[in-house]
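Let me give you the structure first, and then I'll get to my questions.
The values are calculated or read from the model by the stated rules, or taken from the named source; none is laboratory data. This one's a predicted model, so the numbers in the text were calculated from it and none came from an experiment. Note: ideal-geometry Cβ built from the backbone for every residue, glycine included; neighbour counts use all protein chains shown.
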Amino acid sequence: MRETTVRRAGLAITLTYALLVGWLYARQPATIAEVTGGLSSAIGAYRIDQKAFDNGLRYFRSDQFVEARAAFERADPARRDARTQFYIGYSYYRQGWGRLYSDDTLYRQGLEAAERAVALGPQQTFTSDDPSERIRTADELRADLESGLRREAADFNPMRMLRERK
Amino acid sequence: MTAALEAIYLPAICLTVFLLGGLRLGAPVPLPPPSLYSLVLAVLLLGVLIQSGALAPGRLLDASRSALENLNGFMLLAALFVAAAQVFSLLTPDDGLPRILFCIYFLVLLLNTWAAAPDRVRVLRSLAVTFGAAFILKFVILAALSEPTAGRLGRVLQLLLEGVTLGALTQNVQHPASGYLAFFTVALFLIALALLPAHASDLSRAQGIVLRDR
């Protein structure tokens, strides 16, 4: 093989490898599923498991949040789908919601999922097409979760007990 | 040095070292970038390699070479730099007193090597000893001191040690595979250093030694 060909091929291989390594450092994938999902989504080939998502939605609507999240995680193992991440965040919100106080641990996890939904959604936001949901955008979900994590004077208002879960 | 070594193998080895050296198994941030301090150490290491003749930058970047050859050379130097920085990050403990001591250890050893101005073979040997010692200290000794022990006596000794050192010595518990991965990464990096294009006079001197030995 001619030296120039080797050098050209080497440059292409090195640049591709360097881009891959740079991408991994930028994305910080925690699992192999996140690596493969991230790469396939980069070329527009990533698809969620629709059946698992539908199962998750069914559990979510019957207030079985732990089961719902397990199904959503199965549907979107790479965490690349804004809709699934929105529902994961929403399930944490509903599970952590309480009339007197909210569960900070669940809210924090919900906030992480809501942030992912915002980041993954088109134009840095996500809007659910389901009119039955009381929270329909990832921004609204994030704001509610953040508000639940804040300590403020309004937390001691007795009228809070009359509020409804979204 | 062949074109394949310069354009394919060495950059690939260095980028693999950069990737594996940054990998923290089971950590919340699985690929932390190298610290600023390790970038400084990497610059010093490149300086030591150039001074000793273990790395001849003129054989990678030179006006007499074609643009493609210079691009290959530049890619290799850039990959070597990030790999070196990540190896220092890998071998430095994450926090506490050991982190400060390791930072000083690397800085002093590199400056000392620079001042001693050894030849290529001695620099490579010195780096193998430096990295090997740091590996043993971090992944064998410090890991053993920080590991949760099963026995009651072991736990008592660990508590005493933590008390005496005010908790400044113990580190976060590492993934069981971390040490193996670090060993492979450091070995790969040392192989890359040995394969670097050396200064011609150093090579001829090395060949002279071989001939004399025969």
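Please give the number of the condition A:Trp23 fails out of (1) within 14 Å of another protein chain (Cβ to nearest Cβ); (2) within 18 Å of the chain's Cα centre (by Cα); (3) touching a residue at least 12 places away in the same chain (Cβ under 8 Å); (4) part of a helix (DSSP H, G or I).
(2)
Looking at (1) facing another protein chain (nearest Cβ under 9 Å); (2) within 15 Å of the chain's Cα centre (by Cα), which one does B:Thr2 not meet, given that it meets all the others?
(2)
Is it true that some residue in the stretch A:1-16 is assigned to a loop (DSSP other than H, G, I, E, B) and either at pLDDT below 90 or under 30 Å from A:Ser132 (Cβ atoms) (or both)? So that I can check it myself, show each step before the final result.
Kept after step one, since they are assigned to a loop (DSSP other than H, G, I, E, B), are these residues of the stretch A:1-16: A:1-2.
Add one more test, that the residue is either at pLDDT below 90 or under 30 Å from A:Ser132 (Cβ atoms) (or both), and what stays is A:1-2.
For the stretch A:1-16, residues assigned to a loop (DSSP other than H, G, I, E, B) and either at pLDDT below 90 or under 30 Å from A:Ser132 (Cβ atoms) (or both): present.
May I pose another question? Conditions: (1) assigned to a helix (DSSP H, G or I); (2) of a type in the set (A, V, I, L, M); (3) surrounded by 15 or more Cβ atoms within 10 Å (Cβ to Cβ). B:Ala27 meets all but one. Number of the miss?
Tallying (1) assigned to a helix (DSSP H, G or I); (2) of a type in the set (A, V, I, L, M); (3) surrounded by 15 or more Cβ atoms within 10 Å (Cβ to Cβ), B:Ala27 fails exactly one: (1).
Here's a follow-up. Taking the condition of being in a loop (DSSP other than H, G, I, E, B) and over 16 Å from A:Arg8 (Cα atoms), how many residues in the stretch B:51-60 meet it?
Taking the stretch B:51-60 and keeping what is in a loop (DSSP other than H, G, I, E, B), we get B:53-56, B:60.
Next, only the ones that are over 16 Å from A:Arg8 (Cα atoms) stay: B:53-56.
Going through the stretch B:51-60 one residue at a time, the tally reaches 4.
Right, here's the next one. Taking the stretch A:1-20, which residues are of a type in the set (Gly, Ala, Ser) and either more than 8 Å from every other protein chain (Cβ to nearest Cβ) or more than 42 Å from the chain's Cα centre (by Cα) (or both)?
Just the residues of the stretch A:1-20 that are of a type in the set (Gly, Ala, Ser), to begin with: A:9-10, A:12, A:18.
Result: A:Ala12, single match.
May I ask you to say which residue of B:Val82, B:Val17, B:Val40 is part of a helix (DSSP H, G or I), away from chain A (no Cβ under 14 Å) and either under 16 Å from the mean Cα position of the chain (by Cα) or closer than 24 Å to A:Tyr17 by Cβ (or both)?
B:Val40
For the stretch B:20-32, what are the residues that are facing another protein chain (nearest Cβ under 8 Å) and either over 19 Å from B:Gly179 (Cα atoms) or small (Gly, Ala, Ser) (or both)?
Once the filter is applied, which keeps residues that are facing another protein chain (nearest Cβ under 8 Å) and either over 19 Å from B:Gly179 (Cα atoms) or small (Gly, Ala, Ser) (or both), the stretch B:20-32 yields only B:Gly22.
Mind telling me which of the residues A:Ala154, A:Ala119 ends up being in a helix (DSSP H, G or I), more than 19 Å from A:Ala30 (Cβ to Cβ) and among the small types (Gly, Ala, Ser)?
Values: A:Ala119 fails: more than 19 Å from A:Ala30 (Cβ to Cβ).
Every option except A:Ala154 fails the conditions.
Out of the stretch A:26-57, which residues are outside any helix (DSSP H, G or I), of a type outside the set (A, V, I, L, M, F, W, C), more than 10 Å from every other protein chain (Cβ to nearest Cβ) and in contact (Cβ under 8 Å) with a residue 12 or more places away in the chain? Steps first, answer last, please.
Residues of the stretch A:26-57 that are outside any helix (DSSP H, G or I), as a first pass: A:28-31, A:43-49.
From the residues that got through so far, the ones that are of a type outside the set (A, V, I, L, M, F, W, C) too are A:28-29, A:31, A:44, A:46-47, A:49.
Checking which are more than 10 Å from every other protein chain (Cβ to nearest Cβ) leaves us with A:44, A:46-47, A:49.
Residues satisfying the conditions are A:Tyr46, A:Asp49.
Do we find a residue being in contact with a Gly (Cβ under 7 Å, 6 or more places away or on another chain), at the interface with another protein chain (Cβ under 10 Å from one of its Cβ atoms) and either aliphatic (A, V, I, L, M) or surrounded by 19 or more Cβ atoms within 10 Å (Cβ to Cβ) (or both) anywhere in the stretch B:55-68?
Within the stretch B:55-68 (the criterion being in contact with a Gly (Cβ under 7 Å, 6 or more places away or on another chain), at the interface with another protein chain (Cβ under 10 Å from one of its Cβ atoms) and either aliphatic (A, V, I, L, M) or surrounded by 19 or more Cβ atoms within 10 Å (Cβ to Cβ) (or both)), the answer is no, since none of the residues qualifies.
Looking at A:Phe60, A:Phe86 in this structure, which one is within 25 Å of A:Arg163 (Cα to Cα), away from chain B (no Cβ under 14 Å) and touching a strand residue (DSSP E or B) at 6+ places or on another chain (Cβ under 9 Å)?
Numbers: A:Phe60 fails: touching a strand residue (DSSP E or B) at 6+ places or on another chain (Cβ under 9 Å).
Within the list A:Phe60, A:Phe86, the selection yields A:Phe86.
Here is a further query. For the stretch A:36-45, indicate whether the set of residues that are over 30 Å from A:Ser132 (Cα atoms) and polar (S, T, N, Q) is non-empty.
yes
Looking at this structure, is A:Phe65 under 25 Å from A:Leu149 (Cα atoms) and surrounded by 15 or more Cβ atoms within 10 Å (Cβ to Cβ)?
It is true that A:Phe65 is under 25 Å from A:Leu149 (Cα atoms) and surrounded by 15 or more Cβ atoms within 10 Å (Cβ to Cβ).
May I pose another question? In the stretch B:104-127, how many are surrounded by 14 or more Cβ atoms within 10 Å (Cβ to Cβ) and in contact (Cβ under 8 Å) with a residue 40 or more places away in the chain? Explain how you work it out, then say what you get.
Kept after step one, since they are surrounded by 14 or more Cβ atoms within 10 Å (Cβ to Cβ), are these residues of the stretch B:104-127: B:105-107, B:109-110, B:113-114, B:118-124, B:126-127.
Adding the requirement that they be in contact (Cβ under 8 Å) with a residue 40 or more places away in the chain leaves B:106-107, B:110, B:113-114, B:118-124, B:127.
Final tally of qualifying residues: 13.
Does the stretch B:47-54 include one or more residues that are within 14 Å of chain A (Cβ to nearest Cβ), buried (at least 16 other Cβ atoms within 10 Å of the Cβ) and within 25 Å of B:Arg122 (Cβ to Cβ)? So that I can check it myself, show each step before the final result.
Within the stretch B:47-54, the subset within 14 Å of chain A (Cβ to nearest Cβ) is none.
So far as the stretch B:47-54 goes, no, none of its residues is within 14 Å of chain A (Cβ to nearest Cβ), buried (at least 16 other Cβ atoms within 10 Å of the Cβ) and within 25 Å of B:Arg122 (Cβ to Cβ).
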